[in-house]
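Below is one structure; the comments refer to it alone.
The values are calculated or read from the model by the stated rules, or taken from the named source; none is laboratory data. All values derive from a computational prediction rather than experimental measurement. Note: ideal-geometry Cβ built from the backbone for every residue, glycine included; neighbour counts use all protein chains shown.
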Amino acid sequence: MNDMSSTFVLIVLFFVLACVVLFYIFTQQSLTDISNRLNKLQPPNPAARSPDVIRHERAYCHDQLVLLEVDISNNPRDVLTIEELQDLDKARKKIKTCTDELKKTGDWIGLPFDLEWMEMLDRMPKVNALYRKSIEQPPSVEPTANELSSQAPPSAPAERGFRRG
């Protein structure tokens, strides 16, 4: 009997061990499948750009501002065109984005190598003055002939339902 019971116990233990191993394998497969599905749902992380690429992009925007400064120096004027203002705003946003990205990655060197938006703008006095002037007084846009014709003339009190007594 003793021999029979020990064999029975070994068979039961082997069966339990086989069940645990199978449970572990199926659980791992399920977890792998769930992980793969979640990875497909999440957008891929953008590859970190190198500091040189970021600085090149910022330098391109800075060059556009320098060209505008030169143009204003050669052709003096009192206001910036709407296109130039839009270009300035795009450059400002791009330079600030590049600066934040360099600071976030720990690649920000600071003066004299890395300049922030205000430091760049301060080095271009004519662009700076015209830009500040345009911010303080936005350019007035006169309505076109189509806009004037589409506006209804003000109605007289009699037309609004008022009657003179």
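On inspection, Ala18 fails the criterion of being of a type in the set (Gly, Ala, Ser) and under 26 Å from the mean Cα position of the chain (by Cα).
The residue pairs whose first member lies in the range 58-69 and is of a type in the set (Asp, Glu), whose second member is modelled with pLDDT under 85 and not in a helix (DSSP H, G or I), and whose beta carbons are closer than 9 Å, counting only pairs six or more residues apart or on different chains, are Glu69/Arg123; Glu69/Met124.
In a residue-by-residue description of the range 35-48, the property of being closer than 28 Å to Asp122 by Cα and of a type in the set (Gly, Ala, Ser) applies to no position. Screening the candidates Asp100, Asp107 for the property of being in contact (Cβ under 8 Å) with a residue 40 or more places away in the chain and within 26 Å of Asp52 (Cβ to Cβ) yields one hit, Asp107. Condition check for Asp78 on (1) surrounded by fewer than 11 Cβ atoms within 10 Å (Cβ to Cβ); (2) more than 17 Å from Leu130 (Cβ to Cβ); (3) in contact (Cβ under 8 Å) with a residue 24 or more places away in the chain: one failure, at (2).
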